[in-house]
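Read the structure below first, then the notes.
The values are calculated or read from the model by the stated rules, or taken from the named source; none is laboratory data. Since this is a predicted model, take the numbers as computed values, not measurements. Cβ placement follows ideal geometry from the backbone for every residue including glycine, while neighbour counts extend to all protein chains displayed.
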Amino acid sequence: MKRSNQGPDTDQVTYQIKVQGRLDENWSEWFNGMTIAFETEGDGPPITTLTVAVADQAKLRGILSKMWDLNLTVISVAQIELEKCKPHSQPGGE
């Protein structure tokens with residue numbers, strides 16, 4: 001994991017974790033304010049996508065351990081980049 005020392009937000013890496021089933025928004029607080037979204041694919045079971053920024057692998061492992069304790073079926077864990085969080089520079093310094 002590559003890090004920079006340019007401020008607290010730059011040290012975090014964002015992950016999307018997909019689990020089988022539907023977790024409602026009330027779980028967001030238990031998972032430290034993660035963003036929770038839902039999807040369904042055809043007749044298959046619902047899938048919950050949790051998006052979270054973590055400072056290190058230990059924090060990510062702690063989240064996955066909570067999911068293990070809840071007996072959630074983890075479908076995938078993917079590191080993502082949030083383009084909207086990156087500063088945009090414009091020509092001419094404006």
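Couple of notes before you dig in:
- Only residues that are surrounded by 10 or more Cβ atoms within 10 Å (Cβ to Cβ) and either part of a helix (DSSP H, G or I) or at pLDDT 90 or above (or both) were counted in region 39-64, giving 18.
- Listed conditions (1) exposed (fewer than 15 other Cβ atoms within 10 Å of the Cβ); (2) outside any strand (DSSP E or B); (3) β-branched (Val, Ile, Thr) are all met by residue 75, apart from (2).
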